[in-house]
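Reading through the structure tokens given below for one structure.
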Amino acid sequence: MVDLLGRLSNQASPPVDHLSPDDQPVRQVVGADRTVHRGRRARRLTKGQIEGLIAQYQAGAPIESLMSDFDITRQTLFQHVKRSGIAKRTDVSRWTDAQLQEATNLYLGGASLSSVGRQFGIGATTVWNRLRAAGVTLKPRPGSQESTPAT
């Protein structure tokens, strides 16, 4: 009896083996606004939901918005895109020639990638990718091997 009480008392955390997948502890994904449930089965979309997802994707809806609206991961979203046979959107094609020229002028005029991104409502990495894909010569990042003088 004492041995049994000793094993059941002062437990650091309650056992979770007996909990259903929906009651399992939740772990936060770093850098995302969503949580992932351990042991949770992947959400299956109906044919109508998939058609809606693809239509919104083709209309240019932001990826993060689609992921949130349909409660799916990025990987699942792009699997549906691939299965539908449509081409994956490319970032460069989403800028007009005038926007690309404006971003290039801002950047070559001394603006940081972050400030150019703020002007267009996108992140610095996206600006970097779009400028690089368009053939713009990019400045080395501060602190990189290329930007430090040789000793």
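Residues of the stretch 43-68 that are assigned to a helix (DSSP H, G or I), over 16 Å from the mean Cα position of the chain (by Cα) and over 17 Å from G85 (Cβ atoms): G48, Q49.
Taking the condition of being surrounded by 12 or more Cβ atoms within 10 Å (Cβ to Cβ) and free of Cβ contacts under 8 Å to residues at least 24 places away in the same chain, how many residues in the stretch 49-61 meet it? Looking only at that region, the number is 5.
Does G110 satisfy the criteria of being small (G, A, S), more than 16 Å from the chain's Cα centre (by Cα) and in a helix (DSSP H, G or I)? First the steps, then the outcome.
Details: small (G, A, S): yes; more than 16 Å from the chain's Cα centre (by Cα): yes; in a helix (DSSP H, G or I): no.
The answer is no for G110.
Hey, does the stretch 113-132 have a residue that's modelled with pLDDT of 90 or more, loosely packed, with under 11 Cβ neighbours inside 10 Å and not in a helix (DSSP H, G or I)? No, because not a single residue in the stretch 113-132 is modelled with pLDDT of 90 or more, loosely packed, with under 11 Cβ neighbours inside 10 Å and not in a helix (DSSP H, G or I). The set of residues from the stretch 56-111 being within 21 Å of R44 (Cβ to Cβ) and among the aromatic types (F, W, Y) comprises Y57, F70, F78. Beta carbons closer than 8 Å, at least 6 apart along the sequence or on distinct chains, pair a first residue in the stretch 72-84 that is surrounded by 12 or more Cβ atoms within 10 Å (Cβ to Cβ) with a second that is hydroxyl-bearing (S, T, Y) for L77/Y57; V81/Y57.
The values are calculated or read from the model by the stated rules, or taken from the named source; none is laboratory data. Remember, it's a predicted structure, so these values are computed and weren't measured experimentally. So basically every Cβ, Gly included, is an ideal-geometry build from the backbone, and we count neighbours across all protein chains shown.
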